[in-house]
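K.L.:
Mind having a look at this structure? Questions to follow.
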Amino acid sequence: MIRYLKKHVSTIVLIFIASLFIWPMLWVVSASFDAQATLTVRLPKDFTLDSYKAVLSNPSNYRSFLNSFIISFTQSTLVVILSMFAAYPLSRSTIKGKYRIMLSLLFITGLPITAIMVPVYMMFFNLKIINSLISTSLFLTAAVLPYSIWIMKNFMDDVPVSLEEAAWVDGANFFQTLKRIIVPVILPGMCVVFIMAFSGSWGNFFVPFILLSSVEKAPAAVAIYQFFGMWGRVAYGQLAAFSLLYTMPIVVLYFVAQRFMLSGFMFSGSLK
Amino acid sequence: MVIVSLLPALALIGFFYLAPMIISIIYSFTNKTLVGSKSQEFDFVGISNYIFMFKDSRFIVSFINTLVFLIFSAVLGQQILGFIIAFLMQNKSKGLRKFVGTSVLLGWITPEVVVAFIFFAFFSVKGSLNDAIGLFGIGPIAWLFDFAMIAVIVANIWRGSAFSMLMYQAALSNVPDEAKESAMIDGANKFQVIFRIILPIIKGTIVTNTILVTIPTLGLFGVIFALTGGGPGNDTTTMPIYMYKQAFISYQIGYGTAMAIILLLLSILLSIFYIKSFRYEM
C-alpha cells in the first residue's frame with residue numbers, strides 16, 4: 001500500500017515538473033493564434049491566423065529563413081563529410097599521437113565560442129571575409145568539428161575492420177572503401193552528427209549576430225531578435241508566430257530523428 | 001597516407017579556432033580599438049588591460065554575476081532538477097517517461113532567442129507567472145526589474161536541464177538493483193539510499209556532468225542578451241555580456257579581448273578537469 005502510494009506521489013511530482021516546463025512554452029502557441037495577443041498564456045479570444053500571414057508576407061522574413069537554411073545546411077554537410085574523413089584514421093590506424101589528437105579535440109570542445117568571438121570578428125574584418133554566409137558557415141563548421149569527430153569515431157569503432165580488409169584486397173581505394181563499406185554502416189551516426197550540427201547552428205545567435213552585419217544576410221535568429229527590438233513589445237502575436245515558425249524546423253527534425261539522436265547521445269555519454 | 005584525410009578538419013579548426021585564440025592573446029596586451037586612430041596604430045600596453053580589469057568595478061560585478069549564474073543555474077539548478085527527473089522516471093511506464101522526457105527536451109532544443117522571448121512573456125508584469133501568483137493574492141511583481149538574475153537563472157534551468165536528465169538517466173540505469181535493495185533491507189530510507197548508495201556509485205558522472213553543464217553556461221550569451229540585455233543596470237551582466245559591450249559597443253577591442261582571455265582561461269581550467277576525469281574513467 002505504501003509502495004503504491006509512493007509510486008503515485010512520484011508520478012504526480014513528475015507530471016507537475018513536466019507542466020512547469022510546458023507552461024512558459026504555451027504562450028508562444030496561444031499568443032500566435034490570438035488576434036489580441038497578450039503576454040499571458042490563455043485561450044485565444046479571437047482565433048486568427050493573421051500573425052502568421054503578417055510574418056510570412058514579409059519578404060525579409062523569408063530571406064532570413066533562407067539565410068538560416070543556407071548557413072545550417074552548408075555547415076552540417078561540411079561537418080558530416082570532414083568529420084567522417086577525420087574520424088577514419090583516428091578509428092583505424094595505429095599512428096602515434098592518435099590519443100593525443102583525440103584528447104586535444106576533447107579539450108577544444110570545452111572552450112566556449114563566446115570567448116573567441118571578438119578576435120574572430122577582428123580576423124574576419126582584416127581578411128575581408130566579414131558579412132559572408134560562407135565564411136560564417138565555415139566558422140560554425142570548425143566550431144563543432146571537434147565534438148563531431150568524437151561522435152563519428154565512436155560510431156566507426158563499431159564497424160568491423162574485416163569488411164574493409166576485403167575491400168582493400170579487391171583493390172578499392174580510400175574513397176571507395178569509405179563510400180561502400182563505412183557509409184552504409186554508420187549512416188545513423190552521420191544523421192546524428194548532421195542533426196546536432198544543423199540544430200546547433202540554426203539556433204545560434206551570437207555568431208551570426210557578430211559576423212553578419214547587413215540586414216540582407218541576417219539569419220532568422222538575428223532577424224527575430226531585431227523584430228523583437230522594433231515591434232516585439234507591441235506585436236506579441238507576430239513575435240510568437242515568428243518564434244514558432246523559427247522553432248518548428250528543429251522540433252520536426254528532432255522528432256523525425258529522435259531514435260538516432262538518443263542512440264548517439266548514449267554513445268557520447270558512455271564514452272565520455 | 002590515410003592520415004591525410006585528417007588534415008582538412010584540423011586545418012579548419014586551426015584557422016578558425018586556434019588562430020583567433022592566439023590573436024586574442026596578442027590583442028589583449030594592446031590598446032586597440034574597433035574604430036578611430038587606435039584601430040590601426042595601436043600600442044602594446046603590457047598587462048595594463050588586465051590590471052585595469054581588476055580595478056574596474058563593473059568587471060568585478062560581471063565576474064560575480066557569472067559565478068552566481070553558473071552555480072545556481074547550472075551546477076545546482078540543472079543538475080539537481082535533471083537528477084530528480086531522471087530518478088523519478090525510473091521504472092515508470094513508457095508513456096509517462098515519454099511525456100515528461102519530451103516536455104523537458106523541448107526546452108533544450110528551443111533556440112536561444114526564443115527561450116528569451118518565452119521568459120520575457122512569462123516574467124513580464126502582465127505575464128503568466130504574475131497571473132498565477134495573483135490567484136493567491138500576491139503581486140504583481142516586476143520580475144525582470146526586481147529579480148532579473150532569478151529570471152535568467154530560471155530560463156537557463158528550463159533550457160538546460162534536459163542534458164543532465166539524459167546523463168543521469170544513463171548513469172542510473174547502470175546502478176545495480178541489488179545495491180539499492182540490500183540497503184533497503186538494512187533499513188535505509190529512500191534518502192539514505194540516494195545519498196549513501198546511488199550518489200557514490202555515479203560520482204564519475206556527477207564530475208563529468210558538472211563540467212559539461214558549466215561550459216555552455218559560462219559562454220551563454222543569447223538568452224541573457226535578448227531577455228535582459230544585461231540589465232537592469234548591470235544586474236545580469238555576465239562576463240560574455242560585458243565583453244560584448246566593451247568590444248562592440250564601447251569599441252575597446254584590447255580590453256574586450258583581455259576579458260575574453262580570462263573567460264578562456266576559466267574554460268581551459270574546466271576543460272583540463274574534464275579531460276582528467278575522462279582519463280580517470282578510461
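The values are calculated or read from the model by the stated rules, or taken from the named source; none is laboratory data. Because the structure is a prediction, the values reported are computed rather than measured. In this analysis, Cβ positions are derived from the backbone assuming ideal geometry, glycine residues included, and neighbour counts consider all displayed protein chains.
K.L.:
For the range A:107-117, name all the residues that are facing another protein chain (nearest Cβ under 7 Å) and either under 16 Å from B:A258 (Cβ atoms) or in contact with a strand residue (DSSP E or B) (Cβ under 6 Å, 6 or more places away or on another chain) (or both).
P.N.:
A:T114, A:A115, A:I116, listed by residue number.
K.L.:
Moving to a separate point now. Residues of the range B:58-92 being without any contact (Cβ under 8 Å) to a residue 40 or more places away in the chain and within 9 Å of another protein chain (Cβ to nearest Cβ), which ones?
P.N.:
B:I84, B:L88, B:N91, B:K92, listed by residue number.
K.L.:
A follow-up question, please. Considering only residues that are out of contact with any Lys or Arg (no Cβ under 9 Å at 6 or more places or on another chain), in a helix (DSSP H, G or I) and of a type outside the set (A, V, I, L, M, F, W, C), which ones fall in the range B:216-242?
P.N.:
B:P216, B:T217, B:G222, B:P240
K.L.:
I would also like to ask the following. Can you confirm whether the range B:164-181 contains a residue that is crowded, with 23+ Cβ neighbours inside 10 Å, touching a residue at least 24 places away in the same chain (Cβ under 8 Å), under 30 Å from B:S124 (Cβ atoms) and not aromatic (F, W, Y)?
P.N.:
yes
K.L.:
Follow-up. Quick one: which of A:L138, A:L103, A:L163 is surrounded by fewer than 18 Cβ atoms within 10 Å (Cβ to Cβ) and at the interface with chain B (Cβ under 7 Å from one of its Cβ atoms)?
P.N.:
Within the list A:L138, A:L103, A:L163, the selection yields A:L103.
K.L.:
Counting only residues that are surrounded by 15 or more Cβ atoms within 10 Å (Cβ to Cβ), more than 9 Å from chain B (Cβ to nearest Cβ) and aliphatic (A, V, I, L, M), how many does the range A:118-135 have?
P.N.:
3
K.L.:
Given (1) assigned to a helix (DSSP H, G or I); (2) at pLDDT below 90, where does A:M25 come up short, assuming only one miss?
P.N.:
(2)
K.L.:
Take B:S48 and tell me if it is within 11 Å of chain A (Cβ to nearest Cβ) and surrounded by 14 or more Cβ atoms within 10 Å (Cβ to Cβ).
P.N.:
In short, no.
K.L.:
Between residues in the range B:7-28 that are under 19 Å from A:L127 (Cα atoms) and in contact (Cβ under 8 Å) with a residue 24 or more places away in the chain and residues that are surrounded by fewer than 18 Cβ atoms within 10 Å (Cβ to Cβ) and among the polar types (S, T, N, Q), which pairs lie under 7 Å by C-beta distance while being six or more apart or on different chains?
P.N.:
Here the result reads none, with nothing in the range B:7-28 linked to a residue that is surrounded by fewer than 18 Cβ atoms within 10 Å (Cβ to Cβ) and among the polar types (S, T, N, Q).
K.L.:
Of (1) surrounded by fewer than 19 Cβ atoms within 10 Å (Cβ to Cβ); (2) at the interface with chain B (Cβ under 8 Å from one of its Cβ atoms); (3) touching a helix residue (DSSP H, G or I) at 6+ places or on another chain (Cβ under 6 Å), A:V28 satisfies all except one. Which?
P.N.:
(1)
K.L.:
Separate question: Do any helices (runs of 4 or more DSSP H) entirely within the range A:47-134 hold 3 or more residues that are among the β-branched types (V, I, T), and if so, which? Let's see the steps before the verdict.
P.N.:
Numbers: elements: A:50-56, A:59-92, A:98-109, A:117-126.
By residue number, A:59-92, A:98-109.
K.L.:
Among the numbered conditions (1) more than 10 Å from every other protein chain (Cβ to nearest Cβ); (2) of a type outside the set (A, V, I, L, M); (3) within 12 Å of the chain's Cα centre (by Cα), tell me where B:T237 comes up short.
P.N.:
Among (1) more than 10 Å from every other protein chain (Cβ to nearest Cβ); (2) of a type outside the set (A, V, I, L, M); (3) within 12 Å of the chain's Cα centre (by Cα), the lone unmet condition for B:T237 is (3).
K.L.:
Let me ask you something else. Would a scan of the range A:227-245 turn up a residue that is of a type in the set (V, I, T) and facing chain B (nearest Cβ under 8 Å)?
P.N.:
Scanning the range A:227-245 turns up no residue that is of a type in the set (V, I, T) and facing chain B (nearest Cβ under 8 Å).
K.L.:
Are any residues in the range B:27-57 more than 27 Å from the chain's Cα centre (by Cα) and part of a helix (DSSP H, G or I), and if so, which ones?
P.N.:
First pass over the range B:27-57, keeping only residues more than 27 Å from the chain's Cα centre (by Cα): B:29-48.
Residues satisfying the conditions are B:S37, B:K38, B:S39, B:S48.
K.L.:
Scan the range B:199-212 and report the pairs whose first residue is touching a residue at least 60 places away in the same chain (Cβ under 8 Å) and surrounded by 18 or more Cβ atoms within 10 Å (Cβ to Cβ) and whose second residue is of a type in the set (D, E, K, R) and assigned to a helix (DSSP H, G or I), with Cβ atoms within less than 8 Å and a gap of 6+ or a chain change.
P.N.:
What qualifies is B:T208/B:E281.
K.L.:
Turning to a different aspect of this structure: Taking the condition of being part of a helix (DSSP H, G or I) and either among the small types (G, A, S) or under 22 Å from the mean Cα position of the chain (by Cα) (or both), how many residues in the range B:190-215 meet it?
P.N.:
13
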